[in-house]
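**Q** After the structure tokens below, expect a handful of questions from me.
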Amino acid sequence: MFRSFSNPAIRILIPSIFLFLIFGSFILFGWTKTDPTEHDPDDIIRQEERDILFISNVVNEKSPIEKPFGLAIDSRGSIYTGSSDGNIYKIKTDGQTELFAKTSGRVLGIAFDRKENLVACVSGLGLAFYDSKGNENVLLREDSEGNPLTNLYGLDIASDGTVYFTEVSRKFSYEDSYLEELESKPNGRILSYNPRTQEVKIVLEDLYHPTGISLSSFEDFLVFGEKYRHRVSRFWLKGKKAGKDQFFITHLPGSPALISLDSQRNFWIALSSPRHIAIDKIQNFPLLKRTIASLPFFFKPLEGELAYILSMNEEGDISLSLMDNTSDKLGSITSALQYGSGVLLAGFSTQKVWKWKFETLEMFF
């Protein structure tokens, strides 16, 4: 018996069979996690990017913030951001950071309403707001049919108080979002919530992992990103085109995260991760995608880091396309928000909030 193990072929065959059985078991039990379909990814179209985003200054040099995500600014100029530790932090104008609120989940998109309440999409919880003292008040946990709203991402607030927000997926959690890209099906949607009537409405369904969202200056349309289609679209709320949607920009080099509108009626779009070239190449092979999705979590495709922001006017024209390809100090940018003479950036993988100044452009003319 023991002599057989001295045979090189047997010593190779037995471990191979053992590994085959292990991976076979993973695939067998995880086979129903996804139901992939074919998809033809679009090609990347470059936007004459300027590689000058690395010339940014740190706003919070020393602070407990971990993986900042969304950004909001109050009437006094203080900056707020959600942290992966479940807290919301306030960065005062002198650069000092303090705890603003403890939350019941992971805060992603945030915005102030007209009463200076900080409204937030809280992953794992729903839609919530935090008063001036940081007290948590849950606005919404379920939709009108009783389905839990635990996968919210981005939001914007209309002048009448209506909150428009995205639900990235009705099937996969925030942590399992990579399965969304492998499945290639529209599991996301946009909803609205009226705090006066507490009415929840479905604005737009069948979206591919919708992320950031922003209303136009006249609130006649909104724009929203779709992470795994690498595009931003426009949906009309009022006028002759009400109820219709159209592409705003496509063929992006990365995945759109949060979107904001500045005082000059320009949308700022953050791209937080580059295109996953390997997944792009297997999108037309559903069985292969299903096999990858069946494997345990630690085999999931890893997202890269991308520091890239776009500024577009309401007609869809690009005014600025900025990136950091020279260094990796900014990490992944999940939010870009106009602030004084520049733009605030949430460095999701650097623990920092940055500020890039418009005057930086003058250095290159």
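The values are calculated or read from the model by the stated rules, or taken from the named source; none is laboratory data. Source: prediction; values computed, not measured. Ideal geometry is used to build each Cβ from the backbone, glycine not excepted, and the neighbour counts take in all protein chains shown. For accessibility, only protein heavy atoms count, side chains too; no ligands or nucleic acids. Shrake-Rupley method; radii C 1.70, N 1.55, O 1.52, S 1.80 Å.
**Q** With springs only between Cα atoms under 10 Å, which of 331, 188, 146 fluctuates most in a Gaussian network model of the chain?
**A** Highest fluctuation among the options: 146.
**Q** Name the residue farthest towards the positive end of the dipole of segment 213-261 from the options 239, 222, 256, assuming +1 on Cβ of Lys and Arg, -1 on Cβ of Asp and Glu, about the Cα centre.
**A** Highest projection toward the positive end goes to 239.
**Q** Picking from 316, 124, 243, which is most flexible by a Gaussian network model of the chain using Cα springs under 10 Å?
**A** Taking springs between Cα atoms under 10 Å, the residue moving most is 243.
**Q** If you don't mind, there's one more thing I want to ask. Taking the chain as a Gaussian network, where each spring joins two C-alpha atoms under 10 Å apart, which residue of 222, 99, 125 fluctuates the most?
**A** 99
**Q** Would you work out if segment 101-252 is rounded, prolate or oblate? Take a ≥ b ≥ c from the square roots of the eigenvalues of the alpha-carbon gyration tensor; rounded if a/c is under 1.5, else prolate when a/b is larger than b/c, oblate otherwise.
**A** Details: a/c = 1.73, a/b = 1.17, b/c = 1.48.
Judged from the Cα gyration tensor, segment 101-252 comes out oblate (a/c at least 1.5, b/c at or above a/b).
**Q** Another question, then. I'd like the accessible area for residue 356, computed on protein heavy atoms only with a 1.4 Å probe and all protein chains in place. Round to 10 Å², please.
**A** Per-residue accessible area (residue 356): approximately 0 Å².
**Q** Using a cut-off of 15 Å between beta-carbons, work out the net charge of the residues near residue 189 (Lys and Arg +1, Asp and Glu -1, residue 189 not included).
**A** Working: positive: 170, 171, 185, 201, 227, 229; negative: 142, 143, 145, 167, 180, 205, 206, 226, 245.
Residues near residue 189 contribute -3 overall.
**Q** Run through every distinct alpha carbon pair of segment 30-106 and return the Kirkwood hydrodynamic radius in angstroms, one decimal place. Working shown, then result.
**A** On the way: mean 1/r = 0.0619 Å⁻¹.
Result for segment 30-106, one decimal place: 16.1 Å.
**Q** Continuing with the same structure: Given 313, 152, 64, which one lies farthest toward the positive end of the charge dipole of segment 51-356, if we put +1 on the Cβ of every Lys and Arg and -1 on the Cβ of every Asp and Glu?
**A** Farthest along the dipole direction, towards plus: 152.
**Q** Largest first, what is the accessible-area ranking of 94, 143 with a 1.4 Å probe? Before the final figure, lay out the partial values.
**A** Details: 94 105, 143 15 Å².
Ranking 94, 143 by accessible area, largest first, yields 94, 143.
**Q** If you don't mind, another one. Rounded if a/c is under 1.5, else prolate if a/b is larger than b/c, else oblate: which is segment 213-360, with a ≥ b ≥ c the root eigenvalues of its Cα gyration tensor? Please report the intermediate quantities before stating the final value.
**A** Details: a/c = 2.49, a/b = 1.25, b/c = 1.99.
Oblate.
**Q** When all protein chains stay in place, what accessible area (Å², nearest 10, 1.4 Å probe) is found for residue 326?
**A** For residue 326, the solvent-accessible surface is approximately 90 Å².
**Q** With Cβ to Cβ distances under 13 Å as the rule, what net charge do the other residues near residue 119 carry (K, R +1; D, E -1)? Walk me through the numbers on the way to the answer.
**A** Working: positive: 114, 115; negative: 74, 113, 116, 131, 136, 156.
Cβ neighbours under 13 Å give a net charge of -4.
**Q** Using heavy-atom solvent-accessible surface (probe 1.4 Å) with all chains present, what is the largest-first order of 298, 112, 285, 221? Could the numbers behind the result be given before it?
**A** Values: 298 155, 112 45, 285 115, 221 10 Å².
Putting 298, 112, 285, 221 in descending order of accessible area: 298, 285, 112, 221.
**Q** Dipole size in debye (nearest 20) for segment 51-356 around its Cα centre, Lys and Arg Cβ +1, Asp and Glu Cβ -1?
**A** Computed about the Cα centre, the dipole is about 180 debye.
**Q** Against the globular-protein guess of 2.2 N^0.38 Å, express the Cα radius of gyration of the chain as a ratio, rounded to two decimals.
**A** After normalising by residue count via 2.2 N^0.38 Å, the value is 1.07.
**Q** How would 276, 209 rank on accessible area, largest to smallest, probe 1.4 Å? Present the calculation step by step, with values, prior to reporting the outcome.
**A** On the way: 276 50, 209 10 Å².
Sorted by accessible area, descending: 276, 209.
**Q** Let me ask something additional. Hey, got the dipole for segment 282-356? About the Cα centre, +1 on K and R Cβ, -1 on D and E Cβ, debye to the nearest 20?
**A** Values: 6 positive and 7 negative charges, 91 e Å.
The calculated dipole for segment 282-356 is roughly 440 debye.
**Q** Going down the table (67/300; 185/289; 90/352; 67/201; 90/171; 62/90), which pairs top 24 Å between alpha carbons?
**A** Numbers: 67/300 20 Å; 185/289 13 Å; 90/352 13 Å; 67/201 32 Å; 90/171 33 Å; 62/90 13 Å.
In this structure, 67/201; 90/171 exceed 24 Å between Cα atoms.
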